[in-house]
Amino acid sequence: MADPATYRPAPGSIPTEPGVYRFRDEHGRVIYVGKAKSLRSRLSSYFQDISALHPRTSRMVRTGASVEWTVVATEVEALQLEYSWIKEFDPRFNVKYRDDKSYPYLAVTMGEEFPRAQVLRGAKRKGTRYFGPYTHAWAIRETLDLLLRVFPVRTCSKGVFARAEQSGRPCLLGYIDKCSAPCVGRVSAEEHRELAEELCDFLAGNTARFTRRLEGRMRAASEALDFEQAARLRDDLAAMTKALEKSAVVLPDGTDADVFALADDELEVAIQVFHVRGGRIRGQRGWVAEKDAEEVPELVEHLLQQVYGGETVPREVLVPVLPPAPDEMAAWLSERRGSRVDLRVPQRGDKRTLMGTVERNATQSLTRHKVARAGDLTARSQALQDLQDALGLDEAPLRIEGYDIAHVQGSDVVGSMVVFEDGMVRKGEYRRFIVRGDVDGRTDDTAAMHEVLTRRFARHLKDRDRAGVAPEAAADVESEGAGAPESRRFAYPPNLVVVDGGAPQVAAAQRVLDELGIDDVAVVGLAKRLEEVWLPGDDHPVILPRTSEALYLLQRLRDEAHRFANTFHRERRSRSMTRSALDGIPGLGESRRKALLGRFGSVKRIRAASAEDLAETPGIGPALASRIAAELAPDAPAPAVNLTTGEVLDEGDPG
């Protein structure tokens with residue numbers, strides 16, 4: 001890879017105006033396209049401290065061999081030029097929001113003499129009206145089959161149409177009245193085009209006039225005693241109603257809008273969009289993309305650029321957060337639509353409710369994606385093999401334990417241990433630690449990590465020695481059922497220990513293993529900022545490829561340990577900041593409070609008890625019982641309150 005200093009622009013040569021820039025590699029290929037309000041500020045950030053950049057950005061800068069830029073007058077022009085270049089060069093380092101399939105549309109070929117309704121995918125064709133996209137092609141065919149009773153437009157291919165025209169006999173749909181059969185002259189080209197235009201109007205959301213028209217014709221046929229025609233119109237009306245029911249009204253103002261939502265974590269982002277036309281959901285799309293160092297507003301900006309690069313823009317575009325330059329983006333969208341586009345974040349009403357539905361879909365999509373990826377046996381096997389190769393292990397780490405520390409300025413320090421076996425979580429073997437060591441009143445993650453790991457592996461050695469087996473046979477003890485369940489859980493050592501942090505945390509973990517004489521467990525640390533893998537005693541980290549299954553496994557383990565530690569820490573902090581009515585009573589310590597709560601069950605029952613009943617509790621004498629009764633009298637101070645939230649707690653809470 002090239003040294004970025006070799007092609008860094010000379011100081012002062014980069015303009016301060018807005019513009020678009022391109023990085024090229026040594027072969028002249030464009031590898032990244034970006035835009036900036038100030039080209040000098042943005043481009044200079046790429047060449048300051050390379051080690052501080054996001055891993056993907058750092059790799060892009062090192063891959064590049066030159067950078068060039070174009071100054072534009074406005075940010076709208078910058079958006080347009082950036083989109084054009086991304087479409088032209090398809091740069092490898094630009095995030096691509098792509099899913100694994102193209103979505104089908106219901107298309108009506110109004111550019112033909114006899115318009116045809118059909119399912120189409122791919123690039124839009126001139127002279128064709130599109131409705132959708134739909135999630136599945138069969139959904140389009142179901143809807144179209146219902147509507148052909150009312151709007152019998154042609155659906156056949158050119159070959160079928162030509163053969164019917166030559167033979168003078170229509171196809172089956174013509175015989176069952178689901179096609180007006182223009183091929184044999186039952187209707188003229190003008191009449192058939194009128195049918196196609198009415199179908200397009202109905203699909204665009206103008207449904208009321210067609211429903212009223214059918215109802216009027218049905219009543220007229222019934223009054224004329226033409227019951228056969230009335231029954232046929234009744235069935236047509238039922239088919240139209242059923243087609244409408246398949247896409248319920250979600251926005252009563254009949255608007256056209258695209259509603260975007262996303263769910264993201266540190267690795268990936270899931271996007272969902274609902275296409276609302278005429279107030280009805282006409283289609284839904286979703287995809288998952290790898291997430292880089294971009295913030296959510298930047299993700300939204302690039303998402304809108306890619307989605308509306310080749311698709312029609314609706315009147316409203318609803319997003320979870322506005323892009324960095326919302327006015328310029330709205331102007332760009334309006335330019336592509338040919339009329340004003342409202343780009344905004346819905347705050348209340350039906351549109352906010354619909355946004356919530358789309359957000360839930362995005363969250364579920366990300367969850368399904370992660371479960372599918374984690375459950376992929378091939379991917380898990382590849383991850384373990386990659387870890388073995390990258391870390392130089394003798395065998396694949398079938399059992400990996402991850403550790404993290406959580407606290408607030410050194411108070412309520414806790415630790416967590418999570419377990420992955422064969423690349424899958426083993427929640428039944430998670431452990432939580434209350435760190436008891438004195439860290440001198442300051443935040444000291446390494447001391448806390450040292451204590452947690454010492455307790456874990458000292459217990460492992462104790463249980464192994466108690467079982468009276470050699471170290472190499474310790475793993476067999478669990479399967480033979482020796483010891484209590486808690487002991488068995490600790491009797492099985494990991495192949496690999498992963499700590500959250502860099503070189504200091506790794507050194508603390510390795511020191512524990514050295515002190516205890518354990519030499520068959522590997523230790524690594526995963527630093528969150530740059531996702532670097534640190535090994536004990538190494539001055540430089542191991543950089544795993546961004547797309548590596550091994551890195552994905554380590555990140556999942558680290559994030560799970562972090563979540564588990566934070567959950568436990570919140571519980572501890574809430575408990576320590578909760579005041580009970582029993583607190584502060586002279587002579588009533590923790591053990592006596594537990595005895596009272598164990599006997600009576602709640603503070604409410606203790607308050608209702610007499611001094612004589614209280615005195616029957618072990619450890620509670622008559623004098624203390626009288627004092628407790630006096631303190632808990634109705635005019636005594638306050639019920640239990642959570643000092644963090646101010647919420648009054650249930651009196652059954654032991655405090």
Go through segment 397-422 and count every residue that is out of contact with any Gly (no Cβ under 8 Å at 6 or more places or on another chain), part of a loop (DSSP other than H, G, I, E, B) and either without any contact (Cβ under 8 Å) to a residue 40 or more places away in the chain or hydroxyl-bearing (S, T, Y) (or both).
-> 1
Pairing a residue in segment 34-50 that is closer than 10 Å to R8 by Cα with any residue that is of a type outside the set (A, V, I, L, M, F, W, C) and open to solvent by 30 Å² or more (accessible area, probe 1.4 Å), where Cβ atoms lie under 7 Å and the two sit 6 or more apart in sequence or on different chains, gives F47/R8
Can you name the residue in segment 182-196 that is not in a helix (DSSP H, G or I) and not aliphatic (A, V, I, L, M) and is also most open to solvent (accessible area, probe 1.4 Å) among such residues?
-> R186
Could you list, in sequence order, all residues of segment 232-286 that are open to solvent by 30 Å² or more (accessible area, probe 1.4 Å), at pLDDT 70 or above and in a helix (DSSP H, G or I)?
-> R232, R234, D235, A238
Restricting attention to segment 152-181, and to residues there that are over 50 Å from the mean Cα position of the chain (by Cα) and part of a helix (DSSP H, G or I), which single residue is surrounded by the most Cβ atoms within 10 Å (Cβ to Cβ)?
-> A164
Per-region count, segment 8-30, residues at pLDDT 85 or above and either at positive phi or in contact with a strand residue (DSSP E or B) (Cβ under 8 Å, 6 or more places away or on another chain) (or both) | 12
Condition check for S13: in a loop (DSSP other than H, G, I, E, B), more than 32 Å from the chain's Cα centre (by Cα) and surrounded by fewer than 17 Cβ atoms within 10 Å (Cβ to Cβ) | yes
Out of A73, A52, A78, sole residue that is surrounded by fewer than 17 Cβ atoms within 10 Å (Cβ to Cβ), farther than 20 Å from K291 by Cα and hydrophobic (A, V, I, L, M, F, W, C) | A73
Going by the structure shown, is V341 surrounded by 15 or more Cβ atoms within 10 Å (Cβ to Cβ), under 19 Å from N94 (Cβ atoms) and out of contact with any Asp or Glu (no Cβ under 6 Å at 6 or more places or on another chain)?
-> no
Residue that is farthest from N94 (Cα to Cα) [pool: residues in segment 50-65 that are over 24 Å from the mean Cα position of the chain (by Cα) and of a type in the set (V, I, T)] | I50
Regarding A458, is this residue in a helix (DSSP H, G or I) and modelled with pLDDT of 85 or more?
-> yes
Tally of residues being in a helix (DSSP H, G or I) and touching a Leu at 6+ places or on another chain (Cβ under 8 Å) across segment 541-556 | 6
State all residues of segment 504-549 that are of a type in the set (D, E) and open to solvent by less than 20 Å² (accessible area, probe 1.4 Å); if no residue qualifies, say none.
-> E531
Can you name the residue in segment 417-433 that is under 14 Å from I405 (Cβ atoms) and not hydrophobic (A, V, I, L, M, F, W, C) and, of all such residues, is most open to solvent (accessible area, probe 1.4 Å)?
-> R432
Report, by residue number, each residue of segment 318-373 that is acidic (D, E) and assigned to a helix (DSSP H, G or I).
-> D327, E328, E335, D350, E359
Checking D514, D538 in turn, the sole residue that is part of a loop (DSSP other than H, G, I, E, B) and more than 20 Å from D444 (Cα to Cα) turns out to be D538
The condition of being exposed (fewer than 12 other Cβ atoms within 10 Å of the Cβ), of a type in the set (G, A, S) and modelled with pLDDT of 85 or more holds, among S626, S610, only for S610
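For every residue, the table says whether it meets (1) out of contact with any Cys (no Cβ under 9 Å at 6 or more places or on another chain); (2) modelled with pLDDT of 80 or more; (3) of a type in the set (A, V, I, L, M).
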position	(1), (2), (3)
K291	yes, no, no
E294	yes, no, no
E298	yes, yes, no
L304	yes, yes, yes
G310	yes, no, no
V313	yes, yes, yes
V33 being in contact with a Phe, Trp or Tyr (Cβ under 7 Å, 6 or more places away or on another chain), open to solvent by less than 40 Å² (accessible area, probe 1.4 Å) and more than 14 Å from F93 (Cα to Cα) = no
Exactly one of D412, D389 is more than 16 Å from R558 (Cβ to Cβ) and open to solvent by 60 Å² or more (accessible area, probe 1.4 Å), and that residue is D389
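The values are calculated or read from the model by the stated rules, or taken from the named source; none is laboratory data. What you see is a predicted model, and the numbers here were worked out from it, not measured in a lab. We place every Cβ from the backbone using ideal geometry, glycine too, and count neighbours over all the protein chains shown. Note: accessible area is taken over every heavy atom of the protein model, side chains too, but ligands, DNA and RNA are not part of it. Shrake-Rupley method; radii C 1.70, N 1.55, O 1.52, S 1.80 Å.
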